[in-house]
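Beneath this line is the structure, given in structure tokens, with notes to follow.
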Amino acid sequence: MPADFSFDVVSEVNLNLVAESIQVALKEIVNRFDFKDAKASIELLEKEKKLVVRAVDDFRVKAAMEALSTRMAKRGLPLKNFTKGKIEQALGQTARMDVAIQAGIPTDKSREMVAAIKAKKLKVTAAIQADQVRVTSRSKDELQAAMALLRAGDYGIALQFRNFR
């Protein structure tokens with residue numbers, strides 16, 4: 001048996017599932033009555049980790065985003081990790097919305113998590129490692145208590161637990 005047990009707290013978004021959700025949402029948009037003769041598009045920019053939703057007017061941008069949100073929720077994607085921007089008027093009489101994809105845990109959120117674990121006085125050690133938090137302990141029960149504490153807290157992002165050792 002290992003001397004210490006551990007797990008990692010991460011916040012990830014599967015971009016393949018996002019791309020599939022976009023495909024299904026675009027099929028739905030093409031067939032919707034309120035989008036007849038109105039061009040709408042949803043782009044995934046993987047390098048910038050953002051989505052761009054474009055349509056003729058702001059009403060249709062909101063409707064396209066709603067269709068996409070529904071499809072992402074059905075695929076189990078965490079909607080907390082998508083930050084909607086303002087709807088802007090773009091060139092050519094169109095409107096657009098940028099949606100940022102939050103991947104990784106920001107430093108301030110990870111500090112909040114570590115502080116919450118320390119305040120609870122669990123017999124665990126939490127360490128910030130780049131965009132994730134590693135929690136170690138000698139007891140599996142203490143690790144499960146730390147997981148329950150983190151699940152109960154609201155950090156504004158969806159948390160996943162990985163690498164149980």
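Being assigned to a strand (DSSP E or B), in contact (Cβ under 8 Å) with a residue 24 or more places away in the chain and of a type in the set (A, V, I, L, M) is not true of A116.
Listed by first and then second residue, the pairs linking a residue in the range 10-22 that is of a type in the set (S, T, Y) to a residue that is part of a helix (DSSP H, G or I) and modelled with pLDDT of 90 or more, with Cβ atoms under 7 Å apart and 6 or more places separating them unless they lie on different chains, are S21/L68; S21/R71; S21/M72.
Here's the yes/no breakdown for (1) farther than 19 Å from E12 by Cα; (2) at pLDDT 85 or above; (3) not basic (K, R); (4) not assigned by TED's automatic domain parsing to the domain that holds T83:
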{"position": "Q129", "(1), (2), (3), (4)": "no, yes, yes, yes"}
{"position": "V135", "(1), (2), (3), (4)": "no, yes, yes, yes"}
{"position": "L143", "(1), (2), (3), (4)": "yes, yes, yes, yes"}
{"position": "D154", "(1), (2), (3), (4)": "no, no, yes, yes"}
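When D154, D108 are checked against the criterion of being in a loop (DSSP other than H, G, I, E, B), within 21 Å of the chain's Cα centre (by Cα) and loosely packed, with under 12 Cβ neighbours inside 10 Å, D154 stands alone in meeting it.
All conditions but one from (1) under 25 Å from A95 (Cα atoms); (2) surrounded by fewer than 14 Cβ atoms within 10 Å (Cβ to Cβ) apply to K62; the one that does not is (2). Remark: T125 falls outside the filter, which requires a residue to be touching a strand residue (DSSP E or B) at 6+ places or on another chain (Cβ under 7 Å) and under 30 Å from F35 (Cβ atoms).
The values are calculated or read from the model by the stated rules, or taken from the named source; none is laboratory data. Keep in mind that what you see is a predicted model, and the values were worked out from it rather than measured. When we count neighbours, we look across all protein chains shown, and the Cβ atoms used for this are built from the backbone with ideal geometry, even at glycine.
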